[in-house]
Amino acid sequence: MLVIALAGAYLIVFRIKRPLRALTQAAAEIGRGRSPAPLAETGPEETRTLSHAFNQMSRDLARLESDRALILAGVSHDLRTPLARLRLSIEMSGADTSLKQGMDADIEEMDRIIGQFLDFARTEGGESLEQLDLAALARDCARQYRERGQDVRDEIAPTPPVNARALAVRRMIVNLIDNALHYGKQDVVVATATEGRDAVIEVRDRGPGIPVAEIERLKQPFTRLETARSDSGGSGLGLAIVDRVARMHGGSLDLVPREGGGLVARVTLPAG
């Protein structure tokens, strides 16, 4: 009787544990910013009810995300048309040079913010995964900034190949560099390294830094620091885009103080 009771208990536990394990994995996928496959609505009644509720929640989240991205992308795209007309009008106006330069700078800032809206509205953008050389991509991004006259140094070390979406990772690196230039303004360094089996990219600046208590909050969309790093405006999307792309690839974003002052934004991506 004891053996039969233990065997029956084992079967009951196994029948409950398997769907709970699947639920845990699906919840982790949502935490990484992905859409998990629907759970099998089988097993005991309580488990079936829980799986059904989770599937419904997952569908609702996916629909909300799709609607939000569509609205944000549509509004941002439509805003660029009047901006282009404004830029043309300024060039053709008879305003003095200093006034035109100020207006051009304002339009460039608005265009940059709209670009961030579009970046945030994109998810994987229909891209497929490919073997990506993170070090080569980081070197190319830094070179493009130098060709435009920006003071961006690179300290590139070899990294293992990562399975990633090339355009999404490029947007991530560009947002890191833009954020560093916007707030740090000088001594911006793009560096890559290998830690264990992970590929790491860092962008370092000499800006005012971020208090430790504010780090997680600043990874949220449309969030800015109320002190020195927000004095120059911005959309509050740069770090949110970076964090989203990193999580989409199973990686992470860490913000740590830079030795001697400033901030280090470090993204770790799993190799293979």
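The values are calculated or read from the model by the stated rules, or taken from the named source; none is laboratory data. All of these numbers come straight from a predicted model, not from anything done at the bench. Here the Cβ is made from the backbone with ideal geometry for all residues, glycine too, and neighbour counts use every protein chain on show.
Points worth noting:
- Top-ranked residue in the range 147-193 [being polar (S, T, N, Q) and touching a residue at least 40 places away in the same chain (Cβ under 8 Å); ranked as nearest to A240 (Cα to Cα)]: N175
- Of the residues making up the range 207-251, those that are on the phi > 0 side of the Ramachandran plot and modelled with pLDDT of 85 or more number 1.
- Taking residues in the range 225-249 that are over 30 Å from P161 (Cβ atoms), and partners anywhere that are at pLDDT below 55, the pairs with Cβ atoms closer than 9 Å and at least 6 places apart or on different chains are G236/S230.
- Given (1) modelled with pLDDT of 75 or more; (2) crowded, with 17+ Cβ neighbours inside 10 Å, index of the condition R139 fails: (2)
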